[in-house]
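Remarks on the structure that follows.
The values are calculated or read from the model by the stated rules, or taken from the named source; none is laboratory data. If you're wondering where the values come from, they're calculated on a predicted model, not measured in any experiment. Note: ideal-geometry Cβ built from the backbone for every residue, glycine included; neighbour counts use all protein chains shown.
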Amino acid sequence: MLRFLHSSDLHLGKPFGRFPEDVRGRLRQARAEIPARLARLARDHGAGHILLAGDTFDQLTPAPQVIRQALNAMAADADLHWLILPGNHDHAGATELWRQLRADAPPNVTALLAPRPQALADDAVLLPAPPAERSPGRDLTDWFDNAETGDALRIGLAHGSVADFEGTSGAGGSSVIAPDRAARAGLGYLALGDWHGQRRIDPRTWYSGTPEADSFRHNATAAALLVRIDGPGAAPEVTPLETGALRWRRPSLALDPQDDPLAAHAACLPPLADRADCLFDLRLSGALRPAARADLDRAIAAAAPDFLWHAADPAGLTLLHDATDLDLIDRQGALRTAAEALAAEAEDPALSPEARQSAADALEQLFALALEEHA
Ligand SMILES: [Mn+2]
């Protein structure tokens with residue numbers, strides 16, 4: 001019986017440049033802790049091997065401490081065997097990276113830089129398909145079909161796309177890894193990397209996804225896969241194990257003037273205890289009347305400091321108003337005249353979308369000021 005952990009796309013050292021410095025620090029720290037977290041999970045679940053299916057490092061030339069600290073974490077438990085495949089971010093052509101890694105690696109860490117069988121256990125062999133450049137442009141798993149491994153259980157390890165599903169990097173729009181490779185090559189399991197969400201291609205072919213989310217694209221909590229195979233011919237038992245320390249959430253809040261926007265907003269917030277580890281990017285759409293909009297803005301501003309990082313994009317939210325609402329601004333006089341002119345401009349089909357939008361924005365400002373005065 002073979003039991004191992006399958007992970008990929010750790011992207012150690014990823015800079016996260018678009019976030020403020022303190023958030024970047026947390027994001028980098030969470031990634032730096034992944035090797036120790038994977039080791040703990042492997043031990044807890046009796047897995048002797050950890051397979052990393054590419055993009056362990058975010059760059060071809062990571063900072064020396066990124067490589068060293070990952071290796072130190074891997075060295076902490078000599079009974080765990082780490083098998084590291086290059087990906088597209090850290091391909092085998094990055095000679096300095098792999099030279100330093102091999103120079104510093106403890107005996108329980110193996111870098112898989114060549115396409116040749118690697119013993120995994122007495123009766124199991126690993127077939128790696130390391131890319132030597134960013135876009136190899138061909139199926140590097142071809143050689144699996146005819147690899148000579150005797151009676152051993154065959155496990156494949158590769159990085160790249162099997163299909164054109166949205167967002168996969170490196171494929172240039174064409175499929176690269178044959179989706180039926182596991183069947184064609186008689187593999188007990190094919191461990192894939194590149195896609196950052198967890199994905200089952202068939203019962204023997206899985207993307208583990210990144211163990212620590214790095215974008216809002218995949219809403220599920222990041223995980224590694226525990227794989228158990230009883231022997232050649234047996235179907236693998238694949239169990240996702242949660243690994244992510246930080247949560248990335250991008251909820252969409254579609255509002256209707258009849259709704260209670262405060263209740264809707266409260267319902268999309270994660271529990272209080274989870275917010276300090278959460279990046280929260282709220283997308284608003286629909287329409288609200290001015291008073292409800294002001295209430296919602298206050299509720300959003302009040303919740304923001306709970307989060308590691310918080311943003312709310314109101315671009316899809318329109319302001320619904322009639323004469324009664326304009327009374328909030330003023331019943332008569334210059335301000336009322338200005339408000340009516342802006343309301344008309346915001347709806348005027350003869351104006352450009354930009355001009356309509358700036359009229360709507362200015363009117364929203366007037367409502368906000370008026371509601372502040374009344375509050
Ligand atoms: Mn990747």
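If you check Gly87, Gly13 for being touching a strand residue (DSSP E or B) at 6+ places or on another chain (Cβ under 7 Å), at positive phi, within 16 Å of the ligand (Cβ to nearest atom) and at pLDDT 95 or above, only one passes: Gly13.
Of all residue pairs spaced 6 or more apart or on separate chains, those with beta-carbon atoms under 8 Å, a first member in the range 16-40 that is assigned by TED's automatic domain parsing to the domain that holds His6 and more than 27 Å from Leu225 (Cα to Cα) and a second member that is of a type in the set (D, E, K, R) and at pLDDT 95 or above are Gly17/Arg24.
The requirement of being touching a strand residue (DSSP E or B) at 6+ places or on another chain (Cβ under 8 Å), surrounded by fewer than 21 Cβ atoms within 10 Å (Cβ to Cβ) and over 21 Å from Phe4 (Cα atoms) is fulfilled somewhere in the range 95-103, by at least one residue.
Across the range 293-338, the number of residues qualifying as small (Gly, Ala, Ser), under 15 Å from Ala360 (Cβ atoms) and at pLDDT below 90 comes to 2.
Residue count for the range 318-371 under the criterion of being more than 39 Å from the chain's Cα centre (by Cα), in a helix (DSSP H, G or I) and over 17 Å from Ala287 (Cα atoms): the result is 18.
Taking the conditions (1) part of a loop (DSSP other than H, G, I, E, B); (2) within 15 Å of the ligand (Cβ to nearest atom); (3) of a type in the set (A, V, I, L, M) in turn, Ala220 satisfies each one other than (2). For the range 206-217, the set of residues classified as surrounded by fewer than 19 Cβ atoms within 10 Å (Cβ to Cβ) and out of contact with any strand residue (DSSP E or B) (no Cβ under 8 Å at 6 or more places or on another chain) consists of Arg217 only.
Report yes if Ala92 is of a type in the set (A, V, I, L, M, F, W, C), over 28 Å from Ser135 (Cβ atoms) and either crowded, with 18+ Cβ neighbours inside 10 Å or away from the ligand (no atom under 16 Å from the Cβ) (or both), otherwise no. Against the criterion (of a type in the set (A, V, I, L, M, F, W, C), over 28 Å from Ser135 (Cβ atoms) and either crowded, with 18+ Cβ neighbours inside 10 Å or away from the ligand (no atom under 16 Å from the Cβ) (or both)), Ala92 does not qualify.
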